[in-house]
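Take a look at the structure set out below.
The values are calculated or read from the model by the stated rules, or taken from the named source; none is laboratory data. Small disclaimer: the values here were computed from a predicted structure and weren't measured. Because the Cβ atoms are built from the backbone with ideal geometry, glycine has one as well, and the counts that use them run over all protein chains shown. Heads up: the accessible areas ignore ligands, DNA and RNA and are worked out on the full protein's heavy atoms, side chains in. Shrake-Rupley method; radii C 1.70, N 1.55, O 1.52, S 1.80 Å.
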Amino acid sequence: MKRALTLFLFCTLLVFSLFLSCGKPDDTPDDPKTEDNRPEYTVTFVFYTERMTKTFKEGDAIVPPEFAPYETADYYVVFKGWEEEFRPVTENTTYKALYEFEYKTYNATFVMGDTVKTEKVSFSAAAIAPEDVPDYKGMKFMGWDKPITTGVEDVTYTAIYCDTNLLPTTSLNYAYKQNLMKYEAIEGGAADGKGQLRRAQAFYTLALHEHRNPQGGAIAQRVVEHMTSLVTKDQAPPIDAGTNWANNPMIAGIAFARVTPTIWNIVPPDIQMRINTLMCAMIYLESFATSDYNQYKTGPGMYGNFSKDWNPNYRLGNVPIMVYATYFFGVGDMEKGAEIVNTYIKGFDETAYTDLVNTFQKYGWRRAFKRWTTEGRTSTDGKNVVGLSAKELLINGGQAVGEDTSTASDLLVALGTGTGVANRDPKTKKGRDYLYKTFSLYEPEKIVQHLLNYNYGAVSFIPNSYEATEYRTVVSNHFYDIDKDGTKDLVAWILDDTSSPYEGEEGMMTEFASGNRSSTGYCTHDFILTTVLISATANMELYTTDENGIRVAKTNEDGSSVYLFDVTAPENADIFHRIQIGNEDLIYKLVHGYQCYATGSYGVSSKTEREGSSWEYLITKTMWRTYFLSRGTVAPAESFNT
């Protein structure tokens with residue numbers, strides 16, 4: 001009995017001890033079945049434009065989310081921490097991230113002669129060009145080779161340099177005040193009329209000056225106003241061949257405007273398109289009128305008898321346009337320009353013709369539309385020659401018939417044949433590159449040299465079988481008209497019976513002894529047009545285009561720019577000497593008065609320079625005297641101060 005009681009007590013104590021060691025059920029916090037009744041709160045995390053929320057219990061420590069990198073087209077958004085430290089959660093709250101923008105950049109390099117400067121530029125932003133770019137080897141900074149625009153890729157801008165001012169300020173002011181280029185309501189032929197040459201030369205003077213001395217101010221704006229006026233409805237040129245003297249300075253000025261950033265960058269896009277259309281039409285016209293493959297004496301309007309093969313006025317008013325247009329389309333790269341111009345010419349067909357005349361209508365260029373849609377006619381001179389329409393002639397070539405302006409009659413006569421704008425080969429029907437006197441647009445300097453040689457008496461020509469050839473190249477004080485029977489008639493002379501100081505020297509202008517005429521009027525126009533040709537080509541810097549399509553300026557060994565044609569270069573010494581003789585001989589004859597003779601009539605122009613010189617002549621003389629003659633050796637003829 002005693003042993004049983006002892007066993008019972010032992011078991012009771014064991015159970016009690018186990019109970020004490022386990023504790024009460026309510027005091028067991030690790031029980032997985034226990035509920036957490038703490039309140040919950042929402043924590044919002046903001047990173048740039050992204051928001052993310054997480055839920056935490058009261059008192060919990062905050063663990064922030066991870067945000068993926070943020071990228072746009074122009075920059076990266078980089079996480080830089082949080083605005084405030086995290087606290088144990090006690091309420092709904094928001095934490096904002098700190099961040100920075102890292103903009104993507106490209107390198108813009110500015111090459112200024114021997115100086116190179118590179119800067120990093122943010123994507124979609126434009127580089128800031130260096131200010132106060134210094135002169136380089138005596139040449140003035142005139143702008144950059146391309147517009148400075150926004151970008152995303154590395155780019156190089158090359159400074160363009162040129163020498164000092166071309167004209168005195170007084171001449172520029174006078175050019176600035178001239179009326180804007182526009183063609184009045186001229187329903188006749190293709191002659192200039194109504195001051196077109198003056199307006200075009202004023203425009204050219206301003207464009208050339210801005211090209212050489214870019215300021216981007218009033219002169220550049222005036223150039224744009226001229227071009228805008230020229231391509232406005234009912235003011236555009238007729239785009240017809242003939243003695244259109246204004247075409248030479250007009251197209252030269254447009255070429256300079258195209259390659260001069262301070263001008264072209266402020267030309268409205270619509271006006272740029274119209275200018276491009278005008279330039280395309282002009283190269284089509286000149287291929288038709290002056291190419292070796294065409295022998296037309298007229299343009300699409302079938303008006304005139306221009307005899308391009310001997311008339312210096314005709315040559316100088318038309319042929320230089322092809323050189324200027326090559327510079328325009330190549331933006332200074334003559335090889336590229338020649339390829340573009342020839343591609344346009346060889347591809348001229350019915351579609352190109354239709355598109356162009358429709359554009360004439362769209363723009364309201366009624367003169368050009370009228371000329372280019374002229375119907376074919378039959379000659380009324382008794383020969384009954386059938387002429388084709390302008391459309392047929394321009395596209396495929398053939399026989400032209402039109403009004404003969406070389407006579408006072410109203411007869412319609414044959415005005416030449418040819419192969420059309422595309423210069424199509426009669427056998428293959430394929431278009432051919434433009435050629436003038438066998439010279440192509442890939443050798444423009446030879447075209448320029450040929451024109452100058454011809455005007456100053458170094459290229460032989462025989463307009464008729466009884467021409468007084470001894471007066472072709474040598475300066476003379478008078479001119480004889482020689483009849484078919486050999487009889488000599490004195491028809492032109494210096495009025496005050498003095499002698500030209502250059503008598504007997506080679507270089508007299510061809511127009512002083514061209515067939516049966518000798519006129520200061522014709523020679524004055526030749527003087528104006530050759531001076532434009534010389535000054536334009538002497539200031540057309542040449543470029544090449546690299547494999548990335550970037551223009552690169554051509555340079556000589558000494559780093560100086562290469563120009564299209566420099567008449568004052570040593571290799572052109574002979575022609576430059578003859579030009580000096582011819583121009584100064586003309587000036588002398590104008591100062592002392594010259595009895596002119598043309599097409600069988602006296603007194604076409606017997607004015608002295610003082611009595612009635614045109615502004616076109618006076619500004620040309622200023623350009624000649626202040627820029628070109630100063631480089632030569634010929635002393636100037638006496639003249640009143642302009």
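In nm, to one decimal, how far is the modelled label at Tyr176 from the one at Lys54, with both set 7 Å along Cα→Cβ?
Placing both labels 7 Å along Cα→Cβ, they lie 7.1 nm apart.
In Å and from the alpha-carbon atoms only, list the Rg and Dmax of the range 294-435.
Calculated on Cα positions, Rg and Dmax stand at 16.0, 51 Å.
Counting residues in the range 501-603 as N, plug N into 2.2 N^0.38 Å and put the Cα Rg over that result.
After normalising by residue count via 2.2 N^0.38 Å, the value is 1.48.
Given charges of +1 on the Cβ of Lys and Arg and -1 on the Cβ of Asp and Glu, with all other atoms neutral, how large is the dipole of the range 337-402 about its Cα centre, in debye to the nearest 20?
It comes to approximately 340 debye.
Rounded to whole Å, give me the distance from the Cα center of the range 61-108 to that of the range 303-369.
Distance between centres, Cα-based: 62 Å.
Which distance in nm do the two modelled labels at Val474 and Thr568 give, with both placed 7 Å along the Cα-to-Cβ direction?
3.1 nm
Seen from all sides and averaged, what is the projected area of the convex hull of the Cα atoms in the range 391-459, in nm²?
Orientation-averaged projected area of the Cα hull: 6.8 nm².
Excluding Asn305 itself, calculate the net charge of residues whose Cβ lies under 14 Å from the Cβ of Asn305, where each Lys or Arg counts +1 and each Asp or Glu counts -1.
With Lys, Arg at +1 and Asp, Glu at -1, the neighbours total -4.
Test of understanding: what is the full-extension gain from Ser307 to Lys104, defined as 0.36 nm times their sequence separation minus their Cα-Cα distance?
66.7 nm
Using 0.36 nm per residue of separation minus the Cα-Cα distance, give me the extension gain between Glu40 and Asn384 in nm, one decimal.
This chain segment gains 113.0 nm when fully extended.
How far apart, in nm, are the 7 Å Cα→Cβ label points at Lys120 and Thr94?
Modelled inter-label distance: 3.4 nm.
For a quick protection proxy, order the peptides 539-549, 588-598 by their average other-Cβ count within 10 Å, most packed first.
Peptide ranking by packing, descending: 588-598, 539-549.
For Lys104, go through the aspartates and glutamates and keep the ones whose alpha-carbon is under 16 Å away, minus same-chain ones fewer than eight residues off.
By straight Cα distance, Lys104 reaches Glu71, Asp74, Glu119, Glu153, Asp154.
Pull up all non-local amide H partners of Lys104: gap of 5 or more, or a different chain, and H-to-H distance under 5 Å with H placed in the peptide plane.
Tyr75, Tyr76, Phe123
Leaving out ligands, DNA and RNA but keeping every protein chain, what accessible area does Lys429 have, in Å² rounded to the nearest 10, with a 1.4 Å probe?
Approximately 130 Å² of Lys429 is accessible to the 1.4 Å probe.
Taking K and R as +1 and D and E as -1, what net charge do the other residues with C-beta under 15 Å from the C-beta of Thr354 add up to?
Summing Lys and Arg as +1 and Asp and Glu as -1 gives -2.
May I ask for the distance between the Cα centers of the range 496-520 and the range 527-572, given as a whole number of Å?
32 Å
How do 39-49, 75-85 rank on mean C-beta neighbours within 10 Å, highest first?
Highest mean packing first, the order is 39-49, 75-85.
For a quick protection proxy, order the peptides 269-279, 415-425 by their average other-Cβ count within 10 Å, most packed first.
The densest-packed peptide leads the list: 415-425, 269-279.
Can you tell me how the range 338-403 classifies by the Cα gyration tensor, rounded, prolate or oblate, using a/c under 1.5 as the rounded cut?
oblate
Please state the charge dipole magnitude for the range 256-314, taken about the Cα centre, from unit charges on C-beta atoms (+1 on K and R, -1 on D and E), reported in debye and rounded to the nearest 20.
Dipole about the Cα centre, nearest 20: 80 debye.
Step through the table entries Lys308/Lys383; Lys233/Lys336; Lys120/Lys336, compare each Cα-Cα distance with 25 Å, and write down the pairs that go over it.
Over 25 Å apart, Cα to Cα: Lys233/Lys336; Lys120/Lys336.
How do Thr530, Thr378 stack up against each other in accessible area, from largest to smallest, with a 1.4 angstrom probe?
Descending order: Thr378, Thr530.
Using R₀ = 56 Å, calculate the FRET efficiency as 1/(1 + (r/R₀)^6) where r is the Cβ-Cβ separation of Leu490 and Ser560; round to 0.05.
Computed FRET efficiency for Leu490 and Ser560 comes out at 0.65.
Along the charge dipole of the range 198-315, which of Pro300, Thr290, Ala255 sits closest to the positive end, that is, farthest toward it, with unit charges on the beta carbon of Lys, Arg, Asp and Glu (+1, +1, -1, -1)?
Checked the options; the winner is Ala255.
In whole Å, what is the distance between the alpha-carbon centres of the range 198-231 and the range 39-55?
Cα centroid to Cα centroid, the span is 64 Å.
Which net charge results when you count Lys and Arg as +1 and Asp and Glu as -1 among the other residues whose beta-carbon is under 15 Å from that of Gly81?
-3
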